[in-house]
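Visitor: After the structure tokens below, expect a handful of questions from me.
The values are calculated or read from the model by the stated rules, or taken from the named source; none is laboratory data. Since the structure is predicted, the reported quantities are computational estimates derived from the model, not experimental observations. Quick reminder, even Gly has a Cβ in these numbers, built from the backbone with ideal geometry, and neighbours come from all protein chains shown. Protein only, heavy atoms only, side chains kept; ligands, DNA and RNA dropped before computing areas. Shrake-Rupley method; radii C 1.70, N 1.55, O 1.52, S 1.80 Å.
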Amino acid sequence: MDETKALGFTLVETAGTYDLKPADFREQLAARGLKAVAAHFPYERLRRPAGVIAEARTLGVEYVVIPWLPQPEFDGSRRADGCRRF
């Protein structure tokens with residue numbers, strides 16, 4: 001986090017909390033003048049959205065990101081219609 005701040009960033013997107021509780025991670029960011037605006041969550045966790053929503057709120061993020069779509073549930077179609085079905 002210190003390196004991120006040193007590069008001049010103030011807003012970040014998380015991809016995990018490095019084994020810290022979400023509240024502790026947010027506190028560490030704030031101590032460095034950083035704010036998370038988005039966070040990655042695995043698709044499987046979105047099957048139970050309440051936990052993801054709670055964690056996103058704790059982190060203070062505005063956006064929840066699904067970084068990739070798993071196979072074979074996603075039929076492989078990257079076209080718009082395939083994404084809508086998924």
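Visitor: For residue 58, what is the net charge nearby, where nearby means another residue's Cβ is under 15 Å from its Cβ and Lys, Arg count +1, Asp, Glu -1?
Guide: Cβ neighbours under 15 Å give a net charge of +1.
Visitor: Ignoring ligands, DNA and RNA, how do 45, 84 rank by accessible area with a 1.4 Å probe, largest first?
Guide: 84, 45
Visitor: Label-point separation (nm) for residue 35 and residue 50, each offset 7 Å from Cα along Cα-to-Cβ?
Guide: Calculated label separation equals 3.0 nm.
Visitor: Ignoring everything but the protein chains, give the 1.4 Å probe accessible area of residue 7 in square angstrom, nearest 10.
Guide: 130 Å²
Visitor: Per-residue accessible area for residue 58 at 1.4 Å probe radius, Å² rounded to 10?
Guide: For residue 58, solvent-accessible area is about 60 Å².
Visitor: Leaving ligands, DNA and RNA out of it, rank 57, 32, 26, 47 by accessible area with a 1.4 Å probe, largest first.
Guide: 57, 47, 26, 32
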